[in-house]
Amino acid sequence: MKTVGFLWLGNELPWFNKVAIKTFQEIGHPVELFCEESLRETESDLPLRDYREVLDSQILTKLGTTPRVASDIFRLILMRDTNYIWADCDCVALQPLPDTNIILARTDAESKLLNNNVLRVPSESQELSELLEIALDPEAIPDWVPPRRAKKARQFSGRERREIVTSRQTTFGPDLLNHVFQKSDNIDKAFSHEVFNPIGNTKGYMLFSEGISIGDVSTPKTCVTHFYQANVRRFFHANGPQKGTVLGDLAFKYGITAD
């Protein structure tokens, strides 16, 4: 099975992210969590690597250093420099990922939109070349940036321009991915939402709720269920794993507790 790469920028890895990454190990995927030195000093249960092995600090200086900006760039460079599969740290693996050269994840049943929570793009592909060209250009103001924001961004350059452009967090993530692949024949290779996003972006709380089973947050086709961490209330972090919940029961199974 292919190695799955993750990125975490911060001093602490919440218990539910540890659980999520551990699920990939449990089904047989090698995993590598790229992170900062502060986490490598305290976290010993996961294979850890310095994120700077992939993402040069000079790139961050040019483009900005927020975790969102870093992850969008890191993901693409990881595709270019390795044969790893990318997964967000809020993805829970239920069965092995497809052994295919390209992995594109649809967001929902109604649209053809893509999410980048799980991604594999061939290093030699034209699509990856275009993704990198746009993402690494500090002066880029993509077509999908709203007109008013684009007008403001044109008054600045470099990091200041980038900060305005990325005030919409998805600008160089799902927005860019969709811009490139919606015009590519490879869009037909995208997996249905059931495979990587079976519950949508507003129902991640279900994995933290009592009385919910794995079957309630997946289908027989599901490889990954995605709990969209940005929408998870701080309550779940503060209270730690709870028995009788999907993530809580997995945490107790793996011996993971809240720090």
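The values are calculated or read from the model by the stated rules, or taken from the named source; none is laboratory data. Keep in mind it's a predicted model, so treat the numbers as computed, not measured. Don't worry about glycine lacking a Cβ; one is built from the backbone with ideal geometry, like all the others, and counts go over all protein chains shown. Note: accessible area is taken over every heavy atom of the protein model, side chains too, but ligands, DNA and RNA are not part of it. Shrake-Rupley method; radii C 1.70, N 1.55, O 1.52, S 1.80 Å.
For the range 181-205, which positions are among the β-branched types (V, I, T) and either over 17 Å from the mean Cα position of the chain (by Cα) or on the phi > 0 side of the Ramachandran plot (or both)?
As a first pass, look at the range 181-205 and keep what is among the β-branched types (V, I, T): 187, 195, 199, 202.
Listed by number, the list holds a single entry, I187.
Residues in the range 22-57 that are open to solvent by less than 30 Å² (accessible area, probe 1.4 Å) and of a type in the set (A, V, I, L, M, F, W, C): F24, V31, L33, F34, C35, L39, L46, V54, L55. The condition (being within 23 Å of R120 (Cβ to Cβ), assigned to a loop (DSSP other than H, G, I, E, B) and either open to solvent by 80 Å² or more (accessible area, probe 1.4 Å) or at pLDDT 90 or above (or both)) is satisfied by just one residue among T219, T225: T219. For the range 176-216, a tally of residues being under 26 Å from Q25 (Cα atoms) and part of a loop (DSSP other than H, G, I, E, B) returns 13.
The conditions are (1) without any contact (Cβ under 8 Å) to a residue 40 or more places away in the chain; (2) open to solvent by 60 Å² or more (accessible area, probe 1.4 Å); (3) outside any loop (DSSP other than H, G, I, E, B), and L60 fails exactly one of them. Which is it? Result: L60 passes all but (2).
Looking at G10, G5, which is the one that is surrounded by fewer than 13 Cβ atoms within 10 Å (Cβ to Cβ) and outside any helix (DSSP H, G or I)? It would help to see each step written out before you state the result.
Details: G5 fails: surrounded by fewer than 13 Cβ atoms within 10 Å (Cβ to Cβ).
Criteria check complete, one pass: G10.
I'm checking my understanding of the structure. Among residues of the range 137-161 that are open to solvent by 20 Å² or more (accessible area, probe 1.4 Å) and closer than 26 Å to K189 by Cα, which one is farthest from the chain's Cα centre (by Cα)? Checked the range 137-161; the qualifying residue farthest from the chain's Cα centre (by Cα) is D143. Whenever a residue of the range 198-213 is touching a residue at least 12 places away in the same chain (Cβ under 8 Å), its partners that are open to solvent by 20 Å² or more (accessible area, probe 1.4 Å) and basic (K, R), lying with C-beta atoms within less than 9 angstrom and at least six residues away or across chains, give the pairs P198/K221; Y205/R233; F208/R233; E210/K243.
Looking at (1) in contact with a Phe, Trp or Tyr (Cβ under 6 Å, 6 or more places away or on another chain); (2) over 20 Å from I85 (Cα atoms), can you tell me which one Q242 breaks? Against the list (1) in contact with a Phe, Trp or Tyr (Cβ under 6 Å, 6 or more places away or on another chain); (2) over 20 Å from I85 (Cα atoms), Q242 comes up short only on (1). Filter the range 162-186 down to residues that are free of Cβ contacts under 8 Å to residues at least 40 places away in the same chain, of a type in the set (S, T, N, Q) and open to solvent by 60 Å² or more (accessible area, probe 1.4 Å), then give me how many there are. Number satisfying all stated conditions: 1. Looking at the structure I just gave you, is V195 touching a strand residue (DSSP E or B) at 6+ places or on another chain (Cβ under 6 Å) and of a type in the set (A, V, I, L, M, F, W, C)? When the stated conditions are applied, V195 does not pass them.
A search for C-beta distances below 9 Å between a residue of the range 32-44 that is within 20 Å of L55 (Cα to Cα) and any residue that is of a type in the set (S, T, Y), counting only pairs 6+ apart in sequence or on different chains, returns E32/T3; E32/Y84; F34/Y51; C35/Y51; E36/Y51.
Among the small types (G, A, S), open to solvent by 50 Å² or more (accessible area, probe 1.4 Å) and in contact (Cβ under 8 Å) with a residue 24 or more places away in the chain: is that true of A105 in this structure? Judged against the criteria, A105 is not a match.
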